[in-house]
Amino acid sequence: MIIVGIDPGSRTTGYGVISLEGNRCRCLEYGAIRPPDVIFPERLRLIHHGLQELLSRHVPEAVVVEQIFHHANVQSALLLGQTRGIVILAAAQAGVPLAEYSALQIKKAVVGYGKADKKQVQLMVSKLLNLKEKPQPLDASDALAMALCHAFSKARYQHTPLRAGCRP
């Protein structure tokens, strides 16, 4: 099973692609889509195009995003919501089911602590996927964490114990 985690942002949209093969997880790709500093609708178009390419390259069985959370800055929340909509659209156009988890669920699944910071998530993602380096940028490690959370959820549902390289 190929799972794509996406951490939407209008400046940086992180992504992480993993495969769940039996009881093992493997990192296939991670990175970020960083559109140039152009008008917002054009940034959305470029993010959408990048996501379409990513989804057609990997043909995932699930796309994972973080559930909407309360945001203190209304303007930032609106921009994030619009970018998140682009992610949902790209998944729907590719015919890929969407899964959503709260930040607390993702952090608890990957780190074991729901209030872990981004650096702790990054470190655990690199350990769980046996990566030689910590994934950069942090948006990419967050996206990998989302994909891992979904993999752990699927493994629990199927009662499959995961081995080294991927564990709940």
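The values are calculated or read from the model by the stated rules, or taken from the named source; none is laboratory data. Computed from a predicted model, the values in this text were never measured in an experiment. Cβ coordinates were reconstructed from backbone atoms using ideal geometry, including for glycine residues, and neighbour counts include every protein chain displayed.
Candidates in region 9-27 are the residues that are modelled with pLDDT under 95 and not charged (D, E, K, R); of these, the one that is nearest to PRO137 (Cα to Cα) is GLY9. Scanning region 1-47 for residues that are without any contact (Cβ under 8 Å) to a residue 24 or more places away in the chain and among the small types (Gly, Ala, Ser) turns up just one, SER19.
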